[in-house]
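Structure first, commentary second.
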Amino acid sequence: TNGSPCYSVDKAKRKVVGKEWAPNSFSSRFTCMFCNEQFRKDYKLNLHLMMAHKDQPKAQMDKAKEELIKSKLDGCVFMCAVCKNTFNSIANFSRHIKDVHSMTRNEYKMKFGDSEVVSRMFTCELCSKEVKHTRNIIGAHMKMVHLISWKEYQDIVMKLKSGEGNIDLPNPELFDCVICGVSVKYKREHLTKKHLLDEDVYEELIAKKARGEDISEDLPDREVFTCAICERECMDFRRHLSVCHNLTEEQYRVEFCNGESPLVKIVKQDVFNGDLNTSKDISSPHFNKVKKVKKEKVEEAELLSTDLQCYFDCEEVFKK
């Protein structure tokens with residue numbers, strides 16, 4: 001205040017963020033396919049469909065429920081093999097087995113195996129890219145590929161479905177990395193985090209590569225950490241714990257590793273040997289810079305079950 005810009009503070013990241021990246025910009029809104037009425041909670045849209053549009057054909061109602069699922073940031077389902085409770089995020093599941101069953105993620109996996117019972121893929125309607133239907137991956141895709149928030153994405157999709165054309169998306173100048181062949185927005189961040197290089201060393205390496213010399217031995221080895229909570233592999237492990245799980249490295253060691261160091265492996269960097277200009281399909285308006293994610297076999301979707309279910313067997317479930 002006191003004349004300063006009205007920015008909000010993202011408490012999870014402990015830093016000031018602008019209007020587009022405020023915490024509530026990643027909250028979902030659920031829009032009725034039949035009347036375009038919007039709701040902030042998915043169960044409210046479910047009730048609305050059953051009460052206001054109960055006479056709709058079953059095929060149309062199934063389509064409306066599928067649109068509801070696509071509006072969620074968390075589409076996968078995790079089940080506890082001990083008590084059969086289900087969760088829509090790996091973080092909530094990991095917290096449950098720790099608080100209720102006094103098990104770490106690794107201990108649970110060794111005893112019961114994988115906890116994921118429904119695996120869904122999310123298809124971006126702006127670029128047709130498929131990513132796993134989890135909050136972190138979808139949010140990162142929107143921010144890093146399209147430079148928009150989840151809320152802005154939902155607004156754009158609504159305009160496209162209503163027939164509004166010529167939607168202008170941010171079109172940044174991308175940096176083409178000669179080492180790995182990907183195009184990214186932030187050159188310095190990419191070189192530092194991905195290749196452990198500064199810009200001066202990078203320029204020397206690409207000059208050496210242009211002369212036909214092998215630079216693979218000049219690239220530093222990378223430490224890749226495997227998170228015991230969500231099983232993701234990452235290099236900046238401290239940031240991953242802070243952003244995704246709101247934990248310090250010390251808390252993680254005590255709670256999930258029995259005081260030991262995180263699981264790490266040393267990986268040699270690969271060098272991209274193709275032609276950056278010919279490797280891109282520039283004729284496509286929605287060129288995918290990364291390999292298309294292989295679509296996993298999705299089990300038939302089940303509603304997120306809790307302890308309470310409707311007596312009339314309407315498939316609606318409640319947490320309270």
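Assuming a ≥ b ≥ c are the square roots of the Cα gyration tensor eigenvalues, decide whether the stretch 103-203 counts as rounded (a/c under 1.5), prolate (otherwise, with a/b larger than b/c) or oblate.
In terms of gyration-tensor shape, oblate.
Classify the stretch 69-152 as rounded, prolate or oblate, taking a ≥ b ≥ c as the square roots of the eigenvalues of its Cα gyration tensor: rounded when a/c is under 1.5, otherwise prolate if a/b is larger than b/c and oblate if not. Mind showing how you got there, number by number?
Numbers: a/c = 2.82, a/b = 2.46, b/c = 1.14.
Cα axes put the stretch 69-152 in the prolate bin.
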| said: Counting heavy atoms of the protein chains only and a 1.4 Å probe, report the per residue accessible area for the stretch 47-157 as a whole number of Å². | reply: 47 Å²
| query | Pairs 143/208; 70/151; 193/268; 63/161; 70/109; 70/98: which exceed 23 Å Cα-Cα? | reply | 143/208; 70/109; 70/98
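The values are calculated or read from the model by the stated rules, or taken from the named source; none is laboratory data. Model, not experiment: these values are computed from the prediction. Just the protein is used for accessible areas: all its heavy atoms, side chains included, with ligands, DNA and RNA removed. Shrake-Rupley method; radii C 1.70, N 1.55, O 1.52, S 1.80 Å.
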